[in-house]
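Worksheet: one structure, shown below.
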Amino acid sequence: MYQGTHYQLMADYNRWMNRKLYAVCADIPDDKRKADLGAFFKSIHGTLNHLLWADRIWLRRFTGEPFVVGKMGEDVYADFETLRAERDTLDEFILDWARNLRPEWLAGPFEFTSVQDGKTRCGPAWVFVDQVFNHQTHHRGQVTTLLKQLGHDPGVTDIPWLPGAIEVV
């Protein structure tokens, strides 16, 4: 049975799913990974870049860490292997960060200014932390659809299949 907190579980799930998807994507030629397939961020590569970009922005907001961010929709990394390595590094950072979340901070007020619309929003920190993990799942779902359309099976994507999440009897 899983021994961590809800956010540790979500961070573990995030890393597990990203590793699964990147492993499948590694077998796809670069031109197909970068082909405009009609998704919001056009391609598999574009969607994976967006996820890295958004996670960096949120983690920078939460921690004050100086992550490099560009404009939404621009590739953070054109090279797939660099993107993959950076994703793995960020996922480890997210895991460590989730291990150190405190209930007092999660319940407290959090304020940020959106890079999308320039408006400032304020609410309990946990709402925005939930948004990070929800956003990841949303766009990974788009990637799994694009992979299936290209004939690649990402496998099971449900949390109960995360190794160690639950007891299998």
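Values in this text are rule-based calculations from the coordinates and carry no lab data. As the structure is a computational prediction, the values presented were derived from the model and not from experiment. FYI the Cβ positions are ideal-geometry reconstructions off the backbone, even for glycines, and counts take in every protein chain you see.
Once you place label points 7 Å from the Cα toward the Cβ at E65 and W161, how far apart are they in nm?
With each label point 7 Å from Cα toward Cβ, the separation is 2.8 nm.
What whole-number volume per residue, in cubic angstrom, does the convex hull of the C-alpha atoms of the chain give? Let's see the in-between values first.
Details: hull volume 19.4 nm³, N = 169.
Convex hull volume per residue, Cα atoms: 115 Å³.
For the chain, modelled as a Gaussian network with Cα springs under 10 Å, which listed residue fluctuates most, L146, L106, L52?
Fluctuation is largest for L106.
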